[in-house]
């Protein structure tokens, strides 16, 4: 993969003139950039220098931010990074950035953003479109499906930084006892779960996140994609009331009604499913990356050494879709030092920083080259699965995503409880998503 900063000086990778950077047009008003951008849209990074203020919460590991900053400054001795510590609560962090950048502040230059923020921040002119500031092949470095979630109205407003996603965790000891293979389809998960329950080997067959909250939107997004559907089409039009959606929701509802998933599934969030799995009560678990380490913690888990992990399956077999979680890097449209900010974004998504994220701190890299590095498999079984994961973003390509998500999880949950039919739930969800996208509310 060709790096953006391709000319290497004796001190470090310093940069090059970025020409032919996709579209030469900018759709957002970007005050403060007049001294940084030129009419062609290319940015000269060869002499990038000065200070970059990076706003970031503590992320997930003590020392991660410092390790990255130290390595960046070593490779870019003319650029100093000042860390602006943000609140670890995502909503508080978002409110702080909205107030600061919305007020016209030139700092932070770069900020860490939740993967569902790009459309919201772009619509409010709180983020710089990056596709006309970085070359087209810059975006090739990212794993498939990640850039889609950073795109709004045809422009890319964020660079994927590190990911989180879902996997299928399973009790390998129970499968061995029942002489069952690792399932490769959702239909097989359901059937094997029933078999294990009928043999009296486990209480619950399959646990996932079915409560009325954001987690259910993630789960449903995966099953919907597996069925060949989506919530919004490429133009942002709701297409939720579809045969694919009926297939996905009917399958989830049948899991609960058949007893493969417990009746309490409709109240389960991540911690509930994790507890059930760790106590040995569930054969299969859909959960995020952290579930591996959690299940292997002595004193906390009863299934240490008994767990396997694979990519989420799909209907009919093979690997299915996994919802994108994690964080992006976005650039303040008021920045006074765009070249240095872009150099920082480029390095942070390049192989050096991404290797630090993965090998030293156990985070899923967004850089495809690093994610496919075979040596990562030695760190955790999860890393051996990552090259097989197909990422799907939540339907966040609208600034009204919170309302869209609420429409999804509220109505899907009602169908799971049996209070409404699958058809009625999807019709109502479609209407509410339409209202949310148009800005008229639920």
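Remarks
Matching residues to (1) modelled with pLDDT of 95 or more; (2) crowded, with 24+ Cβ neighbours inside 10 Å; (3) closer than 15 Å to residue 53 by Cα; (4) over 19 Å from the mean Cα position of the chain (by Cα):
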| residue | (1), (2), (3), (4) |
| --- | --- |
| 71 | yes, no, no, yes |
| 93 | yes, no, no, no |
| 98 | yes, no, no, yes |
| 105 | yes, no, yes, yes |
| 150 | yes, yes, no, no |
| 159 | yes, yes, no, no |
| 173 | yes, no, no, yes |
| 182 | yes, no, no, yes |
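- When the range 306-328 is limited to residues that are in a loop (DSSP other than H, G, I, E, B) and under 19 Å from the mean Cα position of the chain (by Cα), the one that is surrounded by the fewest Cβ atoms within 10 Å (Cβ to Cβ) turns out to be 311.
Matching residues to (1) under 18 Å from the mean Cα position of the chain (by Cα); (2) in a helix (DSSP H, G or I); (3) free of Cβ contacts under 8 Å to residues at least 24 places away in the same chain:
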site: 344; (1), (2), (3): no, yes, no
site: 385; (1), (2), (3): yes, yes, no
site: 395; (1), (2), (3): yes, no, no
site: 404; (1), (2), (3): yes, yes, no
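- Consider the range 148-167 and keep the residues that are in contact with a strand residue (DSSP E or B) (Cβ under 6 Å, 6 or more places away or on another chain) and in a loop (DSSP other than H, G, I, E, B). The one that is farthest from residue 104 (Cα to Cα) is 165.
- For the condition part of a loop (DSSP other than H, G, I, E, B), at negative phi, surrounded by 19 or more Cβ atoms within 10 Å (Cβ to Cβ) and in contact (Cβ under 8 Å) with a residue 12 or more places away in the chain, residue 256 does not qualify.
- Residues in the range 346-363 that are surrounded by fewer than 23 Cβ atoms within 10 Å (Cβ to Cβ) and not in a helix (DSSP H, G or I): 3 in all.
- Considering residues of the range 18-55 that are within 28 Å of residue 94 (Cα to Cα), in contact with a helix residue (DSSP H, G or I) (Cβ under 6 Å, 6 or more places away or on another chain) and modelled with pLDDT of 85 or more only, the residue surrounded by the most Cβ atoms within 10 Å (Cβ to Cβ): 52
- Output for the range 103-132, where each listed residue is in contact (Cβ under 8 Å) with a residue 12 or more places away in the chain and more than 20 Å from residue 150 (Cβ to Cβ): 104, 105, 106, 107
- When 118, 129 are checked against the criterion of being closer than 30 Å to residue 217 by Cα, crowded, with 19+ Cβ neighbours inside 10 Å and either touching a helix residue (DSSP H, G or I) at 6+ places or on another chain (Cβ under 6 Å) or modelled with pLDDT under 95 (or both), 118 stands alone in meeting it.
- Taking first residues from the range 70-97 that are over 20 Å from residue 399 (Cα atoms) and partners that are at pLDDT below 95 and loosely packed, with under 12 Cβ neighbours inside 10 Å, the Cβ contacts under 7 Å between residues at least 6 apart in sequence or on separate chains come to 77/11.
- Restricting the range 225-249 to residues that are in contact (Cβ under 8 Å) with a residue 24 or more places away in the chain, under 18 Å from residue 405 (Cβ atoms) and within 20 Å of the chain's Cα centre (by Cα), the residue that is surrounded by the most Cβ atoms within 10 Å (Cβ to Cβ): 231
The values are calculated or read from the model by the stated rules, or taken from the named source; none is laboratory data. Bear in mind the structure is a predicted one, so any value in this text is a computation, not a measurement. Cβ atoms come from the backbone with ideal geometry, glycine included; neighbour counts cover every protein chain shown.
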